[in-house]
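**Q** Before I ask anything, let me first share the structure, which is written out below as structure tokens.
Every read-out reported here was derived from the displayed coordinates using simple, explicitly stated rules and does not represent laboratory data. Everything quoted here is computed from the prediction, not taken from an experiment. Cβ: placed from backbone, ideal geometry, glycine included. Neighbour counts: every protein chain shown.
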Amino acid sequence: MNPDQCFFGYSTFSPVNKMEDDNRVFNPYTFIKNIPSQSLLSKPCVREIPLKTRSTPEATLVLDLEETLVYSSLSMIAKASYTFDIHFQDCEYKVYLILRPYVKEFLNRMSKHFEIFVYTSAKKEYAEKILEILDSEKKSFRHRLYREDCFCVLGHYVKDLGVLERDLAKTVVLGTAPHTFPYHVMNMIPIKSWTGDKEDKELQKLVPYLEKLSEAADFRHVLKRRTDHLHRLLSED
Amino acid sequence: MDTGDGRGRRRSVRTCRRAGARGAKMKREVGKVLGTLSVENTEDKQVPMEEGDDEEEEEEEANCLYTNLFRSDTTRRKTAGAAAATAATAAPRYSLLREVGRGSYGVVYEAVARGSGARVAVKKLRCDAPENVELALAEFWALASLEKRHENVVQLEECVLQRNGLAQKMSHGDKRSKQYLRLVETSLKGERVLGYPEEPCYLWFVMEFCEGGDLNQFILSRQPDPRTNKSFMLQLTSAVAFLHKNNIVHRDLKPDNILISEKSGVPVLKVADFGLSKVCAGLGGLGKEGDDKNVNVNKFWLSSACGSDFYMAPEVWEGHYTAKADIFALGIIIWAMLERITFIDAESKRELLGTYVRQGTEIVPVGEALLENPKMILHIPQRRRSSMSDGIRQLLQDMLAVNPQDRPDAFELEIRMDQVTCAA
């Protein structure tokens with residue numbers, strides 16, 4: 001029985017269709033496959049990002065924030081290392097924040113090989129509070145991109161590496177959800193979503209791999225092997 | 001990408017300006033992604049009520065699993081088993097009768113409340129895509145923040161959050177509700193909080209039902225009537241003044257979002273669809289009372305363009321505007337209503353009330369044309385043979401001023417509208 005019937009029941013003989021198609025579950029692969037061509041998207045008001053300087057590493061690492069580097073929640077996280085308040089629709093909410101194991105070392109190591117971007121679909125004021133904690137000295141992330149730098153496709157915020165104006169052959173993205181970079185799946189290393197496992201070693205494991213990758217001529221060729229299964233999924237019907 | 005004619009339109013407009021042809025093409029492409037959703041406007045169809053509804057509802061009572069779901073979390077947990085026991089007497093509070101509108105945001109139903117037998121409109125919003133969640137919360141905030149009723153603003157009866165077969169009544173800012181916190185979290189993060197492939201949740205808004213359809217249908221299906229026009233002008237002005245007084249900028253005023261109730265015999269307008277509205281609460285000012293002093297919606301700058309093209313003020317196309325954008329939209333609507341100026345919407349193929357500027361073979365929204373050429377003179381009235389009074393003509397000119405500061409605010413508008421409608 002449709003759960004709606006508890007509160008909202010369908011009249012038995014009414015023309016309302018009970019088996020509505022809007023019960024479909026979001027499928028990230030279908031989403032990527034059917035994404036409208038990039039040229040058809042209206043661009044967000046693109047921000048000018050300073051070019052690399054001579055001392056900036058040639059390679060670029062784009063990091064997702066939530067569940068990649070940290071995990072934050074409005075629901076209580078026991079023994080959360082950090083908390084902060086956020087204002088939303090005229091209410092204050094307490095946010096609990098925990099950092100993924102090894103994240104600070106990861107950022108330290110990576111900043112020697114990559115120019116690091118953080119690119120999140122979170123609201124700027126929310127992400128800034130997290131970054132204040134994660135990168136209080138503003139050493140790790142050279143650039144910070146937020147919701148306002150995302151596009152919206154069918155209600156989902158997606159990111160476009162084009163905004164960065166960096167060489168795509170030398171750009172790698174680390175994030176949990178490939179559908180948020182639908183145009184650059186080739187540049188992506190999907191990482192397991194992290195929501196608090198203290199034994200997690202994903203970031204640590206990636207360090208040697210990324211260090212090696214930063215030397216490659218075209219990251220996408222190297223990454224292809226890693227993301228093969230993803231491409232197979234995408235080519236399935 | 002947003003209401004009826006779609007989330008599509010709203011979103012593409014919101015993200016930034018877009019070139020006309022390219023924008024249209026994009027909308028079509030997006031439609032493909034959505035696939036199965038047919039897009040229609042709210043309150044579009046006029047299907048006569050079927051007889052014998054009562055008997056059908058009886059049948060359904062026996063079918064329903066859960067009973068009263070207006071319970072706190074703790075009681076619900078305790079009585080999860082008991083619910084099955086009482087199933088025989090359980091009845092849904094609202095019986096959905098027919099679908100009246102649909103878009104990617106969700107579905108609107110006409111329904112009947114079991115207790116009172118009253119007709120209600122039930123809007124079911126799917127809350128999985130982050131932006132849908134934001135729009136739903138924005139609408140809920142706006143409607144919930146209106147403590148007092150206004151005859152010309154659609155009334156929210158209640159809001160219910162449903163997930164995995166459980167439903168609970170929701171209140172704005174309810175920090176005790178885990179589900180509500182998840183929605184806020186989704187809004188803040190811009191990501192789906194639940195993992196794939198979890199079942200999405202739904203927000204249901206129960207609102208008063210407006211059997212008279214929307215302003216397009218109402219006006220265009222009747223002979224012009226100066227008395228109705230005059231009454232509608234006053235009602236619309238009063239609604240917008242009320243909203244602005246309560247620090248709410250609607251941001252998407254258009255005939256589609258203006259519904260008509262005829263319960264009292266005379267047509268009463270109801271401003272609806274607050275998905276894009278903005279509550280301009282003073283930052284940090286948590287007390288509702290104190291806010292009015294600090295916030296002047298006419299000076300409260302909002303960013304991100306939104307609203308449908310034809311009713312959008314020039315500054316909205318640029319993405320920075322205040323409550324004065326609502327005044328501009330109202331100017332377009334009233335002007336179109338008085339002269340019955342319409343266009344055919346490219347997507348829905350419906351005839352809509354709205355004024356425009358002709359450029360060669362194309363029609364261009366007034367706001368867009370004014371943005372390109374701020375010195376452009378609007379020909380009000382448009383028709384040569386018009387009975388429009390000078391007072392109304394001047395008022396419309398002022399409402400449609402390029403510079404938002406030259407437009408009257410909602411309170412000045414109320415006074416002037418009274419004057420011009422009395423004189424006419």
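**Q** Given H placed on each backbone N at 1.01 Å, which residues far from A:Phe88 in sequence or on other chains put an amide H within less than 5 Å of it?
**A** For A:Phe88, the qualifying residues are A:Tyr93.
**Q** Just flag the GluC sites (Glu not before Pro) in region A:149-215 sitting in loop per DSSP whose Cβ has no more than 13 other Cβ atoms within 10 Å.
**A** Listed in order of number, the matching sites are A:Glu165, A:Glu199, A:Glu215.
**Q** Stokes-Einstein at 10 °C, 1.306 mPa s, Kirkwood radius from Cα pairs: D for region B:206-247 in µm² s⁻¹?
**A** D = 132 µm²/s.
**Q** Which value, in debye to the nearest 20, gives the size of the charge dipole of region A:148-219 about its Cα centre, when Lys and Arg are +1 and Asp and Glu are -1 at the Cβ?
**A** Taking the Cα centre of region A:148-219 as origin, the dipole is about 200 debye.
**Q** Next question. Using the Karplus curve 6.51 cos²θ - 1.76 cosθ + 1.60 with θ = phi - 60°, what ³J(HN,Hα) values do you get for each residue of region B:336-344, in whole Hz, with x for Gly and Pro?
**A** 5, 5, 5, 9, 6, 8, 9, 9, 9
**Q** Using only the Cα atoms of region B:178-263, what semi-axes does the equivalent ellipsoid have when each is the square root of 5 times a gyration tensor eigenvalue? Give whole Å, largest first.
**A** 37, 17, 11
**Q** What is the Cα radius of gyration of chain A over 2.2 N^0.38 Å, N being its residue count?
**A** Its radius of gyration relative to the 2.2 N^0.38 Å reference: 1.15.
**Q** In whole Å and largest first, what semi-axes does the C-alpha gyration tensor of region A:130-237 yield when each eigenvalue is scaled by 5 and square-rooted?
**A** Gyration-tensor ellipsoid for region A:130-237: 22, 19, 17 Å.
**Q** Return the loop-located trypsin sites (Lys or Arg not before Pro) in region B:318-424 (DSSP other than H, G, I, E, B) with at most 10 other Cβ atoms within 10 Å of their own Cβ; answer none if there are none.
**A** Passing both the DSSP loop test and the Cβ count: B:Lys349, B:Lys375, B:Arg384, B:Arg385.
**Q** I've got another one for you. Would you mind checking B:Lys169/B:Lys245; B:Lys254/B:Lys324; A:Lys124/A:Lys159 for any pair whose Cα atoms are more than 24 angstrom apart?
**A** Violating the 24 Å limit, Cα to Cα: B:Lys169/B:Lys245.
**Q** Let me ask another. Could you give the spread of the C-alpha atoms of region A:91-164 along their three principal axes, from largest to smallest, in whole angstroms?
**A** 37, 35, 19
**Q** Please identify every one of the GluC sites (Glu not before Pro) in region B:105-193 that sits in a loop by DSSP and has no more than 12 other beta carbons within 10 Å of its own beta carbon.
**A** B:Glu147
**Q** Once you put a point 7 Å from the Cα of B:His320 and another 7 Å from the Cα of B:Gln382, both along the Cβ direction, what distance in nm separates them?
**A** For B:His320 paired with B:Gln382, the spin-label model returns 3.1 nm.
**Q** Additional query: Bin width 5 Å, alpha-carbon pairs only: give the P(r) of region B:298-424 as whole percents, running from 0 to the bin holding the largest distance.
**A** 2, 11, 20, 24, 21, 14, 7, 2, 0
**Q** Given H placed on each backbone N at 1.01 Å, which residues far from A:Ile191 in sequence or on other chains put an amide H within less than 5 Å of it?
**A** Correct list: A:Gly175, A:Thr176.
**Q** Something else about it: So what J values fall out for region B:230-244 if you push phi through Karplus, 6.51 cos²θ - 1.76 cosθ + 1.60 with θ = phi - 60°, rounded to Hz, Gly and Pro as x?
**A** Per residue, the Karplus-derived 3J(HN,Hα) values read 4, 5, 5, 4, 5, 5, 5, 4, 5, 5, 5, 4, 4, 4, 5 Hz.
**Q** Further question: Give, in whole angstrom and from largest to smallest, the semi-axes √(5λ) of the equivalent ellipsoid of region B:95-157, with λ running over the eigenvalues of the Cα gyration tensor.
**A** Here the semi-axes work out to 21, 18, 9 Å.
**Q** B:Tyr109's amide H: which non-local residues (gap 5+, or another chain) put their own amide H closer than 5 Å, with H modeled 1.01 Å from N in plane and none for Pro or chain starts?
**A** Sorted by chain and number, the residues that satisfy this are B:Val100, B:Val122, B:Lys123, B:Lys124.
**Q** Can you give the Kirkwood hydrodynamic radius for region A:29-117, in Å, rounded to one decimal and based on Cα pairs?
**A** It is 16.9 Å.
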